Every structure is written in C-alpha cells, then in structure tokens.
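Engineer: Shown below is the structure under consideration.
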Amino acid sequence: MSQITTDTVPSTELSEVDMAMLAKTRSSGISFIPPETHDMVRSLFDPTIKKSFLELCITSALLLNFVFAYYSVQWFGRSFTRKLYILQYVFWRLCYNGGIGIVLHYQSHYETLTKWAKKTQIFNKKNSSLLARFLQFEVGAKLPSKNKVYEYPPELTTWLLFRQFVDLILMQDFDTYIIFVFLSLPDTNLNVLFNWKSVLGIVLIFFNVWVKLDAHRVVKDFAWYWGDFFFLQTNSQLVFDGVFNISPHPMYSIGYLGYYGLSLITGDYQVLLVSILGHFLQFLFLKYVETPHIDRTYGQANDNNDSNTPASIDDLIAKENFDYSRPLISTGIWLNNFNKLRISDYFTVTTVLTIITWYITYKPSCLTLFILTFSIKFFEWIIVSTILYKQSEDKWFTKLFMKNGYTQLYSFQQWQFIYNFSLVISYTLLTIQTINNVHMIPFKEESYTQLIFGLLLCALQVWCDTEIRDAISDFGWFYGDFFLSNYITSRKLTSEGIYRYLNNPEAILGVAGIWGTVLMTNFAKDNIILASLWTFSNFMLVKFVETPHMEKLYGNEQRISGVGKTLLSLKPLKRVSEIVDNIEHIIMRSILNNNENHPVVTTTTTSSQITKDHDDFNKRTNNAKDWENVIENAIKNVTSRLTPNCEFELNLANDEEACSVVPDPIEIDWKLPTDLYDDNDWIGLYNVISTRNNREFTRVPSFGHWVHTKDHVVERTDEFIRGKIIFDASLLNYEVGIYEFRYHSKDTHKVLMISTPFQVRLPELDTSTEIALRESLLAFLQAAQVIKDGKFFDYDNGNKYFNIKSLQRVIKNSIGVELSNEYIRKVNGDVDVMANRIWDIKKILDDLE
C-alpha cells in the first residue's frame, strides 16, 4: 500500500520555502524538513564547513594517494605505479557497482538500510553501544545540533551516513583515475602535447565539468546522493531542464566525456580502454539500479499519449493486410526481420556475401574501392531523394504501381526493399573500404587511440539509429508518411525517445560513424571525401526533401528540441535569438503592412510578458483535533467496541454463496463511531491465507488493493460516520481464492473491522458460438479495463492487476485452452485474432475427443 503522509510538522507553521523542501518517508509517510547539505567537494574540502570524523579520514586518504604515488614512482618506477593505480581504479569502480549498486538495489526494493536502522535502533538515544554512539556522532556532526539526530526519522539519518560511504568510493574512484592518467602522460615538452587532440580533450573536460555542475543545479544534493531511495520530496518529479534536455541520463552519458578528453590528451590507448571500461560499468549501474528505481518511483515516461503513433500504424497495417510482414531492416551490424519466405531478403544477403567474397578473392585496389563506394553512395542518394521528392509532390511512386494493377501497400513494400537494400550495400562497401585502408596504415601505439575512438563513433551511430527506430518504428524509418499518409489520423510529430533531445538526430549523430572511419584510417583523403559525401547527401535529403514534406503534412509549427531549449536558455544565445526574431518581425511587418502606426512588439515587451508571474500559492490549514489516545485505546479493545455503530457489510453479486466473479465490482457499506474515525482510515483487500490469524494488525502489504475512506463518506452524525466504497476492476485481485476486506485506522495497519470472507472466481466465457466467444471475451476485457482500440494491453499500460497471466488463467479456466505469452504479444493483444485462435484450438481439441 502507498502510505499517505502523516505530517509531523503542522502545515500552517511552514513557510513557502519549507513547504518546497518538505519530504516524507517512503513507507511510514512521516513528513519532515531535511537539513541543509552540501555537495561532495565542499563537504570534504571547504574549511568553512564542519567535518565529521569519517570525512576527515576520507580527505586524508585522498591526499595520501598522491603522496603514496610520488614515493612509489621514486622507489618502484613509473610503470609499476601506473599499473598499481589501474588496479586501484578498477577496484573502486567495481566498488561503485558492487558496493553502492547492491546497497541501493536492496534499499530500493526492500528498504534494507532503513529497516536495519529501525530494527537495531542505531539512532535511538537510548542505544549506548559503541557502534551506535559512533554513528550518532558522525551524523550529528552534519547537523546544526547534536540533539537533532534523534528528532529526524531513520530514513534521513541513514541517508546522511550513506553519503559518506558514497564520498569514499566516488572520490577514491576519481582520485585513482586522475593519478593513473597523470602517470600516463608522455614524457615530452608542452609544445608536443599542445595539438588538436589536446584542444579537443580540454573542450570535452570543460564540457564535462559544465554537465556535472548543471546536473547538480537541477537535481541538487537530494538526487545526487540517490536520496529518493531513502525518502521522497513531497513535490518530487522527473525534471527535464538544462543539461537534462540535452541527453538522456546526462550524468551517466555525456557526464563522462571528460574520460575521453583525458584519453585524447594522453594519447594512450590503455587510458582510453580503462575509461571505456569505467563508462561501461556506469551504464550497467544505470540499467540495473537507477532506471528500475526511477520507473517504480516516478513511472515510465510516455511523452506521446496519442494512440496514432508510428508503432500503432504498423499494427494497423498488419491487421488490415494479412499478407504483410515486417520489412528487413539493417541495424548497422545485423539484419532484423529476415523472412525465410521472402525472396528479396535472400537477394540482399546474397549480394552482401558476394561483395565480401569479391573483395577477399580479387583484392581490389584502394582506388577501385573508393570509386565503387563513392558511386554507389552517390547513386543511392540520387535514387532515394528522387523517389521521395516525386512521391511527396504527386504520389508518383504509388501511382506507378497502382496503374499497373498493384496496391498501395505493395508499392510501399517495394520502396522498403529499395531503401534498405541501398543502405546495406553502401554501408557494406564503406566498411570494406575502411578495413582495407586501415590495413594499409603502418600502425604506431598512438594509432590505436584513433582506431578505438573511431569505433566509438560507429557505436554512437548504431545507437542513434536504434533509438530512432524505437521512436518512430518501421513506419517512420521507411518514410511511411510519404507513402501511406492515409493511415495517419493525428497530425503531430513524435517527441518520444531521442526526438525529445534532437529534432533531426539522423542529421547529426546519424553520420558519427562515418566520420569515425576517418579517424580509424588516420584521416585518409578517400575517407574524408566519403564522409563529406555522406554528410552532404544526408543534409540535402533532410533539408530539401524531408523537412518540406513534414511541414506540408504536419504543419510548419516549429518544435524546439531539448538541445535547442538549453542553448536558448544561455543568456548570450538567448539575446541573439531575441534580436534575430525581432528583426525578422520588423521586416515582415514592413513588407506586409507599410502603416507606421502599427505597433511593433519589442524584445523587452516580449520578455516582460514571458517572465510575468502568474503563480498563486494557496495555503491549506489543518484544524483536526488530536484523537491519538482515544484511537489507541479503541484499537486495543476492538472486540469490546463493536457497538451498533460498527458495521462492515459487503454487497456481492452472489450473496448466498458469498462469492464474487471478477471483474464485477464489490460494494462495501461501513459504519464507525465518530470518535474512532479519522480521515486517513483506509480499507484494503487481502487473501485470507496471507493474513492468517492476525486479526488486530495486518502484517502483509495490500499491493495497491486499497482505498481511503475520506472521499467516500455519505453520512456524518455526532454518534457515527457512514460510508460506501466500491472496489471496481482497477482494484480487484484476479487470482482465485478466499479474500476479506480490512478496515484500518489512520494510515497504519491496525485493524478496526474485518469483513466476512468471500470467494473470488474467474468468469465463464460463452463458448456456444465463435461470435459469442468473441463478444464475451471482449466484454470481459472491457469490464477489466484492459481494452484499448479493440486490443488487450498488458500491465505497463492498462489495469496493472490484470496482466497476460491473468488473461491466460481466464481462458484456461473457462475453455481449457492455453495461449502463450509470445502469441498474445505477437498479435498485439488483438481480441478478434485471439478469439478466432481460441475457437480454432477448441474445435481441434473437441474433434480429438
């Protein structure tokens, strides 16, 4: 159950600043105002800030790293010391994942640290053990007053202690990495070190510093130290501001560009490999620790609520055309959606293998490979651009096939083959040409750094293409809005995924790997020309074909990307943009209307209007009386308090058998003496087996099957309060069993009343005819609130208590037929398709009997 906040601080005594800082514990819902905290660097190195004993130890250890490194170089040599600090860095980086990661994983799922602190009473004033006194001393050193250690909930004090554990690992991780990088600098003069690599490396380092500072500005210490794993801020939500508009998870992605900047400066490929390892481990931490916690705490982001997304259009095409199959797609390193019954797929694969065999057998010259790659790419650009341009202008490509007896969809399928085939062939030739040039280069040690950086840029392009396909699906990837615009009902461009940050990611990141080949070949002229051709053709296609068509189809309303918002928020660029907009406005007014009396909107006026404050804060007061003693006494004597004013009755569809068939709603009538009632009372649904014989206190969670009573009061008198609550499909449990409702006092698990146990059953679907089966299945899923546009949608999108397994149980219980998860997902939960399949299986099984 999600606890409701029990304010320990009256809201009337809090200022607006305090209300903004107000936090609450995750489980108990206790509200409190966290003390002021400081960032890692200030906490450890700012002499004006009070230090704890552990912080002094951490700072000393950091300084000793440099002292030890100095003497280690003197005694054992630079090479040995360098290897030693590689091992130290790897150790601390693994501590990040295996230490911080595991601790946060268990804290996120089970609140392990908080529960340990509560169980051991480690922050209790009466606990006089050596460990308790030491930890209380440590936490107290970070608070304005030592006595406040006992005033704050264990969630906060545990977090303050956890911060020092984080400081140790993160600072040691950074310290050992910097020493390792310093020891990797070449023994040469500064003039040799100062080159384009060093300049680019310094730029990346400064950008990295800005990313970290801006990220800290946005998320503050609370999120920087994973505070929401311990407690929540009352107004906490995901923020997309500043650097968070530039890249997904900037602290884990572009927040490590400094690694690559230092690798460029040193020119040592070993530094680069170690940096890649550290960054890779950081992404593992993000994937398996932080992202799952964010999804559970804040929900999964879904920017586009429109049902007419590219993915849904793909589903619609597949539904209306049974002979349609997903097209073959090149992922950059593999081919997806290969269809064994589609000849064009074999043709594509055979062509690739033929080119590779030709290269191995005949070993063509560099010039031959360059001319062939250039020619294929040039003609691919001309053919693709011509088809898209003429298709946008007058539907030429579609008309060409339709007038010869083919369908609109067939023409789109032929275009899919042409587009994918041209991409595969051009990139295959570029790959072979690059490999051939790399083999021709006499490699030195510094060349390995360029090779690795080139491969990283290739990986960046593959990631970009993958993100684009995830955002716009097959329909968008193959320019479906050029060929099947009649399938589009919502004239709105997507802002999901990578398109949140960039309007045209393919124009920038879509050629990163192409320029990576330039690095890998040590700036070979052939590859520079090819990269320029790729970039130019990509730009021309986007600028003069794709963009005009998008404006014609979706309107010319400009959508500002996340990167654009961040750049415009910088004062110099914002001022330049305002001046340009104002000049453009004046020019347009002069052209369209020569009347000088028309007012011109100035930059100053626009800014003042934009910055006008319309916020209105309403303070709420809470004048409820303190009934704590009365309620505690009532709960202890619950049996004796069952007066005529205590009622807890269920209205079931089948009262005689005391059973309910899901998803029929269950109506609860309750009545309670006025002195026992509280607005935070709640009713939960439980399996009788799980609650066992605990009748006065519920020791198991309700897993969300609960409702507050305060919004369901129907009658209030001086003697009693009466209410009525309906548990509908979104609150019911879809597992067969014996259940009961429990009325709990306040937002605790103390029980005041328990309902009569009742049985939950699954429905029986009508199998008299195929039509009856389809209608009864559709009606059931509609009642369960898991139907959207005629499709069953699973846990992530619909009724979170009714998932695929629930649907499988209903079908098997009613008909004796089983459908696999894979099949249901394959047909995208289409009720008609599933009903037809169920009926076919049933007929076959009946015939076998």
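Engineer: Take the range 746-773 and flag every residue that is of a type in the set (Val, Ile, Thr), in contact with an Asp or Glu (Cβ under 8 Å, 6 or more places away or on another chain) and either surrounded by fewer than 19 Cβ atoms within 10 Å (Cβ to Cβ) or over 19 Å from Ser690 (Cβ atoms) (or both).
Structural biologist: Ile754, Thr756
Engineer: Looking at (1) touching a residue at least 60 places away in the same chain (Cβ under 8 Å); (2) surrounded by fewer than 16 Cβ atoms within 10 Å (Cβ to Cβ), which one does Lys51 not meet, given that it meets all the others?
Structural biologist: (2)
Engineer: In this structure, does Ala784 turn out to be under 26 Å from Asp655 (Cβ atoms) and buried (at least 17 other Cβ atoms within 10 Å of the Cβ)? Please lay out each step first, then the result.
Structural biologist: Numbers: under 26 Å from Asp655 (Cβ atoms): yes; buried (at least 17 other Cβ atoms within 10 Å of the Cβ): yes.
Criteria met by Ala784.
Engineer: May I pose another question? Return the pairs, sorted by first residue and then second, in which the second residue is at pLDDT below 75 and outside any helix (DSSP H, G or I), the first residue lies in the range 397-408 and is among the aliphatic types (A, V, I, L, M) and surrounded by 14 or more Cβ atoms within 10 Å (Cβ to Cβ), the beta carbons are less than 9 Å apart, and the residues are 6+ apart or on different chains.
Structural biologist: From the range 397-408, the pairs are Leu400/Tyr406.
Engineer: Right, here's the next one. Filter the range 476-532 for residues that are assigned to a helix (DSSP H, G or I) and surrounded by fewer than 17 Cβ atoms within 10 Å (Cβ to Cβ) and give the result.
Structural biologist: Result: Ser485, Asn486, Ile508, Lys525, Ile528, Ile529, Ser532.
Engineer: Right, something else. Please return the ranges of strands (runs of 3 or more DSSP E) entirely within the range 652-745 where 1 or more residues are of a type in the set (Gly, Ala, Ser) and buried (at least 17 other Cβ atoms within 10 Å of the Cβ). Break it down into steps so the answer makes sense when it comes.
Structural biologist: Details: elements: 659-661, 666-673, 682-687, 706-708, 713-716, 720-727, 737-744.
In the range 652-745, the matching strands (runs of 3 or more DSSP E) lie at 659-661, 682-687, 720-727.
Engineer: On the basis of being of a type outside the set (A, V, I, L, M) and either in a loop (DSSP other than H, G, I, E, B) or touching a residue at least 24 places away in the same chain (Cβ under 8 Å) (or both), does Phe379 make the cut?
Structural biologist: No.
Engineer: Which one of these is within 35 Å of the chain's Cα centre (by Cα) and either part of a helix (DSSP H, G or I) or surrounded by 14 or more Cβ atoms within 10 Å (Cβ to Cβ) (or both): Leu84, Leu62?
Structural biologist: Leu62
Engineer: Criterion first (closer than 25 Å to Gly278 by Cα, surrounded by 16 or more Cβ atoms within 10 Å (Cβ to Cβ) and touching a Phe, Trp or Tyr at 6+ places or on another chain (Cβ under 8 Å)) does Ala23 satisfy it?
Structural biologist: no
Engineer: Please tell me if Phe134 is out of contact with any Cys (no Cβ under 6 Å at 6 or more places or on another chain), under 30 Å from Arg82 (Cα atoms) and surrounded by fewer than 17 Cβ atoms within 10 Å (Cβ to Cβ).
Structural biologist: no
Engineer: Determine if the range 121-143 includes at least one residue that is among the aromatic types (Phe, Trp, Tyr), within 37 Å of the chain's Cα centre (by Cα), assigned by TED's automatic domain parsing to the domain that holds Lys51 and modelled with pLDDT of 85 or more.
Structural biologist: Residues of the range 121-143 that are among the aromatic types (Phe, Trp, Tyr), as a first pass: 123, 134, 137.
Filter once more, so that each one left must be within 37 Å of the chain's Cα centre (by Cα): 123.
Now narrow it down to the ones that are assigned by TED's automatic domain parsing to the domain that holds Lys51: 123.
Within this subset, residues satisfying the condition of being modelled with pLDDT of 85 or more are 123.
Yes, that holds for at least one residue.
Engineer: Which one of these does Ala69 not meet: (1) under 30 Å from Arg217 (Cα atoms); (2) assigned to a helix (DSSP H, G or I)?
Structural biologist: Just one mismatch for Ala69, condition (1).
Engineer: Filter the range 341-365 down to the residues that are exposed (fewer than 14 other Cβ atoms within 10 Å of the Cβ), more than 40 Å from the chain's Cα centre (by Cα) and either modelled with pLDDT of 95 or more or part of a helix (DSSP H, G or I) (or both) and list them by number.
Structural biologist: Thr354, Thr357, Trp358, Ile360, Thr361, Tyr362
Engineer: Here's another thing I want to ask about it. Checking the structure you have, find out if any residue of the range 214-234 is in a helix (DSSP H, G or I), touching a residue at least 24 places away in the same chain (Cβ under 8 Å) and under 17 Å from Ile178 (Cα atoms).
Structural biologist: Checking the range 214-234: not a single residue is in a helix (DSSP H, G or I), touching a residue at least 24 places away in the same chain (Cβ under 8 Å) and under 17 Å from Ile178 (Cα atoms).
Engineer: Looking at this structure, is Leu94 in contact (Cβ under 8 Å) with a residue 60 or more places away in the chain and closer than 18 Å to Ala141 by Cα?
Structural biologist: Taking the combined requirement at face value, the residue does not satisfy it.
The values are calculated or read from the model by the stated rules, or taken from the named source; none is laboratory data. As the structure is a prediction and not an experimental result, all values here were calculated from the model. Reconstructed Cβ throughout: ideal geometry from the backbone, glycine too, with neighbour counts over all protein chains shown.
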